[in-house]
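Worksheet for the structure shown next.
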Amino acid sequence: MKVLRWFLAGLAFGVIAQIVGGIVYMGIFPHWYESCRQLFRPMDHPYFMIGLPLMNLVQGLLLAIVYAVLYNGIPAKTPVLKGIVFGLLLWLVGPLTGMLTDFCVTTMRFPLPCLIYTFVGTVVGCLSIAVIWGKSLEKKAEG
């Protein structure tokens with residue numbers, strides 16, 4: 001049962017990342033991608049069309065495992081809050097610092113769309129992981 005939850009949690013994260021990316025880059029900030037074309041592959045490239053969704057799924061599967069391993073150490077009382085805290089912590093040490101560093105050392109425009117996409121995608125994706133795992137990761141009280 002936990003393998004199924006792990007797979008569904010990873011899948012949910014991957015799907016959420018794709019949806020949030022589409023909304024941010026194609027809906028809210030469609031011209032940001034165009035202005036940074038020299039940094040990105042064309043959207044019709046196979047790596048973009050196949051590789052990106054596949055990597056979002058792999059990332060979700062890996063994060064679902066990490067969430068399960070760190071579950072008891074995440075500072076919150078409920079699985080939902082643990083998912084939000086986990087997502088925020090991941091975003092702070094990963095995408096936020098990485099993109100700000102890239103902005104400092106490259107000629108890339110300020111990555112506001114990337115920061116929004118990674119923030120929403122990571123927090124909501126980790127929230128979905130937490131909801132799918134639910135309380136199944138809590139240790140049973142020994143009587």
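What follows draws every value from the coordinates through simple rules; no lab data is involved. Since this is a predicted model, take the numbers as computed values, not measurements. Counting neighbours? That spans all protein chains shown, and the Cβs are built from the backbone with ideal geometry, glycine included.
Could you tell me the relative contact order of the chain? Use alpha-carbon pairs under 8 Å, at least six residues apart, and round to a whole percent.
Relative contact order here is 39 percent.
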By how many nm would the segment from LEU88 to GLU138 grow when fully extended, if each residue of separation counts as 0.36 nm and the alpha-carbon distance is taken off? 15.9 nm
Taking the Cα centre of each part, how many Å lie between region 1-57 and region 72-142? 16
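Which order results if CYS126, CYS114, CYS36 are arranged by neighbouring Cβ count within 10 Å, fewest first?
Details: CYS126 29, CYS114 23, CYS36 16.
Fewest to most other Cβ atoms nearby, the residues stand as CYS36, CYS114, CYS126.
Pulled fully out, how much extra length does the chain show between ARG41 and THR78, if you take 0.36 nm times their separation in residues and subtract their Cα-Cα distance? Could you put the intermediate results ahead of the total?
On the way: separation 37, 0.36 × 37 = 13.32 nm, distance 4.07 nm.
Length gained between ARG41 and THR78: 9.3 nm.
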Per-residue Cβ neighbour rank within 10 angstrom, fewest leading, LEU70, LEU52: LEU70, LEU52
Using only the alpha-carbon atoms, how far is helix 2-22 inclined from the longest principal axis of the chain? Give it as 0 to 90 degrees, nearest 10. 30
Helix 52-70 axis, angle to the chain major axis (alpha carbon atoms, nearest 10°): 30
Rg/Rh over Cα atoms for the chain, Kirkwood Rh, comes to 1.03
Gain in span if fully extended, MET49 to ILE28, counting 0.36 nm per residue against the direct Cα distance: 5.6 nm
